[in-house]
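To start, the structure itself, in structure tokens.
Values in this text are rule-based calculations from the coordinates and carry no lab data. What you are looking at is a predicted structure, and each value in this text was computed from that prediction instead of being measured. Positions of Cβ are backbone-derived with ideal geometry, glycine not excepted, and every protein chain shown enters the neighbour counts.
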């Protein structure tokens, strides 16, 4: 499968180490758990990134990465396994526990989860500590800019 990740250009050297998620936690991981967030479409990666902006990011340089993951290295989170509050605006501890358990289990290098923003589309969580990361292909990053109309 192919997925995409957007990162601030100044973080390019650690774009796939999971240090940001480890430091602060995220929807699908507790602080202390390394995780890399991506999406099945570049447009969804942009939207998932944009919702976290405070307005100061307008002049920030971004890079987009295409990522190829072997299909047999990707697990899907079944809808029945989603916590009832998985779409809560404030990140719930329940989803952090689900993702952190998956990361610690080493069951796969990637976990496909529904996007909170567009539930019919998927985000992809990458476990940077999984041995199958060697099977993941990272393509050369390309500059990415957000359309100025999004800032209105």
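Sequence-distant contacts, meaning Cα pairs under 8 Å at least 6 residues apart, place the relative contact order of the chain at 32 percent.
How many percent of DSSP beta bridges within the stretch 2-151 run antiparallel, rounded to 5? Present the calculation step by step, with values, prior to reporting the outcome.
On the way: 23 of 26 bridges.
Percentage antiparallel, nearest 5: 90.
So how much slack lies between residue 87 and residue 53, counting 0.36 nm per residue of separation and subtracting their Cα-Cα distance, in nm? Kindly include the intermediate steps, with their values, before the conclusion.
Working: separation 34, 0.36 × 34 = 12.24 nm, distance 1.86 nm.
Full extension from residue 87 to residue 53 adds 10.4 nm.
From least to most packed, judged by other beta carbons within 10 angstrom and beginning with the fewest, 77, 126 follow the order 77, 126. Computed over the chain with a Gaussian network model linking Cα atoms closer than 10 Å, the most mobile of 124, 51, 116 is 51.
Nearest 0.05, what FRET efficiency do residue 80 and residue 139 give at R0 = 35 Å with Cβ-Cβ as r? All intermediate terms of the calculation are to be shown ahead of the outcome.
On the way: r = 34 Å, r/R0 = 0.97.
FRET efficiency, residue 80 to residue 139: 0.55.
A convex hull fitted to the Cα coordinates of the stretch 66-152 yields 133 cubic angstrom per residue. Computed over the Cα atoms of the stretch 1-83, the ratio of the radius of gyration to the Kirkwood radius (Rg/Rh) comes to 0.97. Computed over the chain, the P(r) tail beyond 18 angstrom holds 56 percent of alpha carbon pairs. Each residue in 151, 102, 86 was given a count of other beta-carbon atoms within 10 angstrom of its own, and listing them fewest first yields 151, 86, 102.
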